[in-house]
Amino acid sequence: TDIRLKQRADAAYDWVAYVDADEEMTPELVEEVAEILKTADPKTIIKFSRYPVIDGRMRTHGMLCPEISPRVHHRKSGATLVAGKAVHEKYQYDSSFREVIAKSPLLVPLPTAKELRSKDDRYINLEVQKIWERGYAWNLYFRWIFVREPLIMFSIMLKILRRLPFYGNPDSVPFEHEWRFVRYHWRLYRAFTGALLAHPFTAGRVKVPSA
């Protein structure tokens, strides 16, 4: 996130769009965004609908299809990204902003489920590294372990169960691609717990800051 904020500060134009390296803006999406910006005021947020492409086919049915997220904003409007997040950037803006959802898709060609699991593990390592460097308050941990993560995993498994009859549909995201989200949160839970238990008196930090 911090790198993206620096890039935004150095941008030549005020309207900024965030697209990951593994995402593709279709020509239709580019044209649609350009059309929206012709009449948009600075307090406008443009959201993209993100669809996975697996084995060369766009999948329109899945647990996260479409995944709608803010992607375009005016850098002087007050909208920003939450600083300090190592992964999964998060937009921050108030209710005074007008949200517009683009109709054209943002495509995400996905590798194999095995490669995605390796990517998930790298993200988990980044989260654990952040704990070792900054610490993680025990009260936040207990809220996270007893409320947030169980609810997330239960919600994902419930959605997967509801989608079981549709996994053979060629337009659906395959089961193994969706189950990886349960795996990710379970392994993240284990990694967080391990980091804190290894250094319980320093909130997980490997080195205690000098006084």
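The values are calculated or read from the model by the stated rules, or taken from the named source; none is laboratory data. Bear in mind the structure is a predicted one, so any value in this text is a computation, not a measurement. Note that each Cβ is placed from the backbone with ideal geometry, even for glycine, and that neighbours are counted across all protein chains shown. With ligands, DNA and RNA removed, areas are computed over all heavy atoms of the protein, side chains included. Shrake-Rupley method; radii C 1.70, N 1.55, O 1.52, S 1.80 Å.
Observations
Conditions tested, residue by residue: (1) touching a helix residue (DSSP H, G or I) at 6+ places or on another chain (Cβ under 6 Å); (2) closer than 14 Å to L110 by Cβ; (3) modelled with pLDDT of 95 or more.
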position: L5; (1), (2), (3): no, no, no
position: A12; (1), (2), (3): no, no, no
position: A17; (1), (2), (3): no, no, no
position: D20; (1), (2), (3): no, yes, no
position: K43; (1), (2), (3): no, no, yes
position: K47; (1), (2), (3): no, no, yes
position: Y51; (1), (2), (3): no, yes, yes
position: D55; (1), (2), (3): no, yes, no
position: M63; (1), (2), (3): yes, yes, no
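- Contacts under 8 angstrom Cβ, first residue in segment 9-36 being of a type in the set (S, T, N, Q), partner surrounded by 13 or more Cβ atoms within 10 Å (Cβ to Cβ), 6 or more apart: T26/S104; T26/P105; T26/L106; T26/L107
- Matching option when the condition is acidic (D, E) and exposed (fewer than 15 other Cβ atoms within 10 Å of the Cβ), among E99, E89: E99
- Looking across segment 192-205, the residues that are in a helix (DSSP H, G or I) and either open to solvent by less than 30 Å² (accessible area, probe 1.4 Å) or of a type in the set (S, T, Y) (or both) come down to F192, T193, A195, L196, T202.
- Breaking point among (1) in contact with a Lys or Arg (Cβ under 7 Å, 6 or more places away or on another chain); (2) surrounded by 17 or more Cβ atoms within 10 Å (Cβ to Cβ), for R75: (2)
- Hey, S172 open to solvent by less than 60 Å² (accessible area, probe 1.4 Å), under 20 Å from D55 (Cβ atoms) and either touching a residue at least 24 places away in the same chain (Cβ under 8 Å) or under 15 Å from the mean Cα position of the chain (by Cα) (or both) or not: yes
- Extreme residue, nearest to S95 (Cα to Cα), among residues of segment 27-68 that are polar (S, T, N, Q) and surrounded by 14 or more Cβ atoms within 10 Å (Cβ to Cβ): T44
- No other residue among K119, K114 is at pLDDT 90 or above and closer than 13 Å to R187 by Cβ apart from K119.
- Which numbered condition S104 misses (of (1) out of contact with any helix residue (DSSP H, G or I) (no Cβ under 9 Å at 6 or more places or on another chain); (2) modelled with pLDDT of 95 or more; (3) surrounded by 13 or more Cβ atoms within 10 Å (Cβ to Cβ)): (1)
- Count of segment 138-150 residues, restricted to those that are open to solvent by 30 Å² or more (accessible area, probe 1.4 Å) and within 11 Å of V182 (Cα to Cα), is 1.
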